[in-house]
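Only one structure is covered here, and it is reproduced in the block below.
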Amino acid sequence: MLSYRCAHSEERKKLLKEFGLNIYRPTRPGQAWVRTTALGSYREVGRACHYLTTNESRVMIDVGVNIASDTDPMPYFNAPEALPLEKLDAVILTHAHLDHAGMLPVLFKYGYNGPVYCTPPTRDLMLLLQTDYLKVSSAEGKRPPYEMEHIRECMKHVVDVDWNETTDVAPDVKLTFHNAGHILGSSSVHLHIGEGKHNIVYTGDMKFEKSWLFDAASVRFPRVETLVIESTYGAAGDFQPSREEATQELQDVIRRTLARNGKMMCPVFAVGRSQEVMIAIDELFRNGDVEPCNVYLDGMILEATAIHASHPKYLTADLRRSLMQDDETNPFTSRWFKQVQGRDMRESIVLDPSPCIILATSGMMNGGPIMEYFRNWAEAERNSLCFVGYQAEGTLGRRLQKGFGEVPLKIDGQTHMVKVGCEMITIDGFSGHSDRKQLIDYFAQMSPKPKNVICHHGDYHKCNELGHSLREKFHVRTWAPKNLETIRLY
Ligand SMILES: [Zn+2]
Ligand SMILES: [Zn+2]
């Protein structure tokens, strides 16, 4: 990554100069106004995309893919106000997950040539995840919406900004990133518009609880009138157990599975949950709570973990300390973890009768190496399938959670029916999203309090119920808009 950027340093210098000229262009006369438009992830989870327009500028926040949909994977780039893409002043990313950054290279394919603002870890993780997305798509015979050259183009345009540093991104828009507690480098985006005319915070995906990896999301902002908040677990009854309870559940299912001589499959995102589960497993083995066995990591997890280790200041102080000491205390280099290298090794693990644990991508079972293990191990009752992350509507993971006893799997272009006989369990406590109580606590502790709240990133009733509760409790104006709706804020 670094060497790539050095090789293009002249080109980068030129680009940065152009970005600067655009930001400090003469301003237009006339009345000021601010609007935010929903281009994706409203009343749904996936393809996050917000479009902020003012009398001076156009800024896009997040450019995600809807991984659960083959027919509508993109945000509404064809909305009239989004075109032409050349007119866009800046793109800002909350975090690297594909549902927030997976479609970014498409902008460069279709003519965008401006800056992309994100934190340094988001830059590194995004490169990894977008590259993996291309790999997984082509392995499944799908035509990806962009090529490697567009990912490279996108990297060239990244301007990295650390948390709590304020940067001009357009003539009348200043950006500050704040910790969002969700994954490495994840941020809430604070925008200060028109010399204080309006301040808006897009939370991005957000966790308002300290985890093993990250501190809880920040709630202090200099000023904020409008909050755009995620609502993944916003409905009544969306309660998540604590990290301690989650570890207990994990311990129980590992014990049960190993006692049956079975294998435990854990579909994970390469970024976020896998590192959390690795730390938990390492601790169970180290404390002697569970008899150690082999833990295989398949699909970009080790690369993602290495990126965590290279950005220690984005981790909790405790974890930072244990990473800096010797290898003994470093949970990421624990001797139990083994990287699966290539197809041959995967096949020999599948045939090996001894019990083990597999952490493999993708997290929602819509492709990736987890499918290979699942196809071979799903039927046997001694095995188990353990979900630790959110399963979006339309994915295989969600269908399995609903209890389908038999599911169709596409293998080498052919559809096979796979019987599901293994134990299935969902452990909610490892989630990187706030549950309903944490979402409401976040708002209660926010300082200062916004007067407008826009709910997105959740099924309709989640967005609606969260908005309703915040309105009742705090007497704020709330919206749960549909994609393509625009709200005028100033
Ligand atoms: Zn996310
Ligand atoms: Zn998300």
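Bear in mind that the values in this text are calculations on the coordinates, not laboratory data. No experiment lies behind these values; they were computed from the predicted model shown. For neighbour counting, all protein chains shown are included, and Cβ atoms are generated from backbone atoms with ideal geometry for every residue, glycine included.
Got the relative contact order for the range 172-278 handy, in percent, Cα pairs under 8 Å and 6 or more residues apart?
21
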Quiz item: Among the lysines, which fall within straight-line cross-link reach of LYS13, defined as a Cα-Cα distance under 16 Å, with same-chain neighbours fewer than 8 residues apart omitted?
Solution: LYS156
Quiz item: Taking a spot 7 Å from the Cα of LEU21 along the direction of its beta carbon, which residues of the range 99-125 have an amide N less than 18 Å from it?
Solution: 112-116
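Of all DSSP beta bridges in the chain, what percent run antiparallel (nearest 5)? If you can, show how the numbers build up before the last one.
On the way: 35 of 74 bridges.
Beta bridges within the chain, antiparallel portion: roughly 45 percent.
Can you sort LYS449, LYS207 from fewest to most other Cβ atoms within 10 Å of each residue's own Cβ?
Ranked by crowding around the Cβ, least crowded first: LYS449, LYS207.
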Quiz item: Taking H as built 1.01 Å from N, whose amide H comes closer than 5 Å to the amide H of VAL158, not counting residues under 5 places away?
Solution: VAL116
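Kindly flag which residue pairs out of LYS210/LYS451; LYS263/LYS402; LYS410/LYS462; LYS14/LYS109 have an alpha-carbon separation exceeding 29 Å in this structure.
With Cα atoms farther than 29 Å apart: LYS410/LYS462.
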Self-check item: Degrees between helix 243-259 axis and first principal axis of the chain (Cα, 0 to 90, nearest 10)
Solution: 30
Exercise. Tabulate in residue order the Karplus-calculated ³J(HN,Hα) for the range 176-193, using 6.51 cos²θ - 1.76 cosθ + 1.60 with θ = phi - 60°, rounded to whole Hz; enter x for Gly and Pro.
Key: 9, 8, 10, 3, 10, x, 8, 9, 4, x, 5, 9, 8, 9, 9, 10, 9, 10
Quiz item: Short version: ³J(HN,Hα) in whole Hz for each residue of the range 304-315, in order, from phi by Karplus 6.51 cos²θ - 1.76 cosθ + 1.60 (θ = phi - 60°), x for Gly and Pro, what are they?
Solution: 5, 5, 4, 5, 4, 5, 8, 10, x, 6, 9, 9
Practice problem: Pull up all non-local amide H partners of HIS198: gap of 5 or more, or a different chain, and H-to-H distance under 5 Å with H placed in the peptide plane. | Solution: ILE193
Practice problem: Quick one: what are the phi-derived ³J(HN,Hα) couplings along the range 389-404, Karplus 6.51/-1.76/1.60 with θ = phi - 60°, whole Hz, x for glycine and proline? | Solution: x, 5, 10, 6, 4, x, 9, 4, x, 5, 5, 5, 4, 6, x, 4
Quiz prompt | Selected from LEU134, LEU98, HIS178, residue furthest toward positive end of dipole (the chain; charges at beta carbon) | solution = HIS178
Quiz prompt | Sorted by Cβ neighbour density within 10 Å, fewest at the top, the residues HIS178, HIS461 | solution = HIS461, HIS178
Practice problem: Kindly put SER322, SER274, SER242 in sequence by how many other C-beta atoms sit within 10 Å of each C-beta, fewest to most. | Solution: SER242, SER322, SER274
Quiz item: Once you charge only the Cβ atoms, +1 for Lys and Arg and -1 for Asp and Glu, what is the size of the charge dipole of the range 243-430 about its Cα centre, to the nearest 20 debye?
Solution: 360
Quiz item: In the range 243-430, what percentage of the DSSP-assigned beta bridges are antiparallel, given to the nearest 5?
Solution: 25
Quiz item: Reachable aspartates and glutamates from LYS338, Cα under 18 Å, same-chain residues fewer than 8 places away excluded?
Solution: GLU276, ASP282, GLU283, GLU291, ASP298, GLU303, ASP327, GLU328, GLU347, ASP352, GLU372
Exercise. Using Cα centres only, tell me the gap between the range 210-287 and the range 129-194 in whole Å.
Key: 24
